[in-house]
Amino acid sequence: MKIDTHTHLFLTKESKPDWKSINFYFDIARMKDLDVVCCTEHLDAIHYSHLLNDLFLNNILGGELLDEGVVRLPNGLIATSGAEVALSGGADVGLHTQLVF
């Protein structure tokens with residue numbers, strides 16, 4: 001099983017979800033034989049909750065909801081919810097997490 005544990009779907013912290021680009025990214029990930037991606041967007045991104053709501057609650061890409069924060073997309077790729085959080089000293093860490101709003 002191939003897993004990308006640290007994936008960003010926004011270009012910047014100010015970006016809105018671009019579902020055409022996000023779906024394209026997921027298709028490329030699957031074509032490269034990835035099985036799972038963890039969407040570790042910056043927790044302080046302006047549209048963080050919008051992205052996770054649409055992807056994992058509203059199921060905007062029409063996948064199969066497997067669990068809270070886990071969806072199997074129509075192309076077979078599994079996406080999981082995550083966040084990137086800032087640590088003291090300026091470092092960041094990405095982690096898998098249940099939906100956090």
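The values are calculated or read from the model by the stated rules, or taken from the named source; none is laboratory data. None of these values were measured; they are calculated from a predicted model. Reconstructed Cβ throughout: ideal geometry from the backbone, glycine too, with neighbour counts over all protein chains shown.
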Worksheet item: If you scan the stretch 58-101, which residues turn out to be at pLDDT below 90, surrounded by 12 or more Cβ atoms within 10 Å (Cβ to Cβ) and among the polar types (S, T, N, Q)?
Response: Thr97, Gln98
Discussion item. Can you list residue pairs whose Cβ atoms sit under 7 Å apart, with the first residue in the stretch 49-72 being farther than 19 Å from Phe24 by Cα and the second being among the aromatic types (Phe, Trp, Tyr)? Count only pairs 6 or more apart in sequence or on different chains.
Written reply: Ser49/Phe101; Gly69/Phe56
Worksheet item: Can you find a residue in the stretch 17-30 that is outside any loop (DSSP other than H, G, I, E, B), buried (at least 20 other Cβ atoms within 10 Å of the Cβ) and modelled with pLDDT of 95 or more?
Response: yes
